[in-house]
Amino acid sequence: MSKSIAIIIPAYNEEMTIVETLKDFHRVCPEAEFYVVDNASQDRTHELALAAYRELGCKGIILTQSRKGKAAAVRKAFMEINADIYVMVDADMTYPASDLPELLKPVLECRADMVCGNRHSAGAYQRENKRPMHHFGNKLVRLLINFFFNGNLEDVFTGYRVMSKRFVKNYPILADGFELETEMSIHALDKGYSIIELPTAYRDRPAGSFSKLNTVTDGVLVLQTIFSIFVNYRPLLFFSLCSLAFAATALATGAVPVMEFIQTSKILHIPLAILATGLSILSMLSFSVAVILDGLAKGRRFDHALRVLHWNER
Ligand SMILES: Nc1nc2c(ncn2[C@@H]2O[C@H](COP(=O)(O)OP(=O)(O)OP(=O)(O)O)[C@@H](O)[C@H]2O)c(=O)[nH]1
Ligand SMILES: [Mg+2]
């Protein structure tokens, strides 16, 4: 029995490209169900998408989400849609449908839970993207994620992904905005899902269509997301580092009163001695927090793995 495919297209004010995106993907995958998720676009995105659905005879519906943000839109889709395979793609014609059959294969053959369209492998992103800060942001975030979560992903920000039902229905999206792809990549790495990156062509937005991504504010949000995920997913490392920092400062500040006491059996630098004592207590506290939270994080990973294990029995 052939597997059902849902193509999820988060769209906010994409009247210039939504019809072409639908036509492009319907041409390549006419049997799929299409789910444009519109967040109260102010332009004609909804109306044009509806007309395109009728013209193409698309299966699927337009979902609306009042909560703003790309991740909020995709969260709505993940909750509402029941399919065997989920495709996520942007509505701005930057990802070609022609690469979809290749991206679908590993998930169709149960060789992967997530396949990411990698824009860097053929250098398409470097060629097409004109915003230098984006290159820097991509590199920094990729480095942080691969280092802290033991990955070797090349394109952590790609909006072109194919996912198994097992992955989608066990991934509670907590982000709201453009932190989606970061959270998704980290969740997949942390929970041990099989991820495959395959090359995909990438082209810049057509002239006149504009990005909803604000490099600075969304960039800061992405770094905040990594920090909070790091603290929650890797508490042992984070709080042990804090404990170490407190211990080192305690040693540095405590050295004077200790040496003084050894030499004179008196302590004159009482404030330093009190500070060093406080810092040592903070160091011990951080380490106990590290151990406790690590146990909780392991418990969450265990519960997730158990849920996925039972998922396979369905
Ligand atoms: N539903 C919904 N979709 C959104 C929202 N913000 C962005 N999107 C969609 O998410 C996709 C990615 O947004 P883009 O603005 O293209 O961000 P980007 O791809 O990182 O940036 P570019 O490289 O400039 O294209 C597009 O299809 C947007 O329409 C939102 O608040 N709600
Ligand atoms: Mg885009």
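Remarks
- When the range 1-10 is filtered for residues that are of a type outside the set (G, A, S) and either more than 12 Å from ligand 2 (Cβ to nearest atom) or open to solvent by 10 Å² or more (accessible area, probe 1.4 Å) (or both), the ones remaining, listed by number, are M1, K3, I5, I7, I8, P10.
- Residues that are of a type in the set (V, I, T) and within 12 Å of the chain's Cα centre (by Cα) within the range 137-173 comprise V141, I145, V156, T158, I173, listed in sequence order.
- Screening the range 84-162 for helices (runs of 4 or more DSSP H) wholly inside it with 1 or more residues that are assigned by TED's automatic domain parsing to the domain that holds D204 and under 27 Å from L237 (Cβ atoms) returns the ranges 132-148.
- Leading residue by the ranking (surrounded by the most Cβ atoms within 10 Å (Cβ to Cβ)) among those in the range 68-105 that are within 14 Å of ligand 1 (Cβ to nearest atom) and among the charged types (D, E, K, R): K70
- Test: A32 is among the small types (G, A, S), under 24 Å from the mean Cα position of the chain (by Cα), closer than 29 Å to A124 by Cα and at pLDDT 95 or above: no
- Close pairs from the range 197-211: first over 24 Å from N152 (Cα atoms) and small (G, A, S), partner away from ligand 2 (no atom under 14 Å from the Cβ) and open to solvent by 50 Å² or more (accessible area, probe 1.4 Å), Cβ under 9 Å, at least 6 apart: S209/E15
- Qualifying residue in the range 43-59 (condition: surrounded by fewer than 19 Cβ atoms within 10 Å (Cβ to Cβ), in a loop (DSSP other than H, G, I, E, B) and among the hydrophobic types (A, V, I, L, M, F, W, C)): no
Okay, residues lined up against (1) surrounded by fewer than 13 Cβ atoms within 10 Å (Cβ to Cβ); (2) within 30 Å of V168 (Cβ to Cβ); (3) aliphatic (A, V, I, L, M):
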{"site": "L275", "(1), (2), (3)": "no, no, yes"}
{"site": "S283", "(1), (2), (3)": "no, no, no"}
{"site": "D294", "(1), (2), (3)": "no, yes, no"}
{"site": "K298", "(1), (2), (3)": "yes, yes, no"}
{"site": "R301", "(1), (2), (3)": "no, yes, no"}
{"site": "E313", "(1), (2), (3)": "yes, yes, no"}
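- Failed condition for F230, given (1) within 28 Å of A77 (Cα to Cα); (2) surrounded by fewer than 16 Cβ atoms within 10 Å (Cβ to Cβ); (3) at pLDDT below 95; (4) not acidic (D, E): (2)
- In the range 157-200, the residues that are within 16 Å of ligand 2 (Cβ to nearest atom), of a type in the set (G, A, S) and touching a Phe, Trp or Tyr at 6+ places or on another chain (Cβ under 8 Å): G159
- Scanning the range 11-21 for residues that are open to solvent by less than 30 Å² (accessible area, probe 1.4 Å) and either closer than 13 Å to L100 by Cβ or touching a Pro at 6+ places or on another chain (Cβ under 7 Å) (or both) yields a count of 2.
- Residues in the range 30-40 that are surrounded by fewer than 20 Cβ atoms within 10 Å (Cβ to Cβ), closer than 24 Å to L100 by Cβ and of a type outside the set (D, E, K, R): P30 alone.
- Among the residues listed as D155, D218, the single one being of a type outside the set (K, R), surrounded by fewer than 20 Cβ atoms within 10 Å (Cβ to Cβ) and within 13 Å of ligand 1 (Cβ to nearest atom): D218
- Condition check for L268: of a type in the set (A, V, I, L, M), surrounded by fewer than 16 Cβ atoms within 10 Å (Cβ to Cβ) and at pLDDT below 95: yes
The values are calculated or read from the model by the stated rules, or taken from the named source; none is laboratory data. All values reported here derive from a predicted model rather than from experimental measurement. All Cβ positions, even for glycine, are placed from backbone atoms using ideal geometry, and neighbour counts span all protein chains on display. Calculation scope for accessible area: heavy atoms of the full protein, side chains included, ligands and nucleic acids excluded. Shrake-Rupley method; radii C 1.70, N 1.55, O 1.52, S 1.80 Å.
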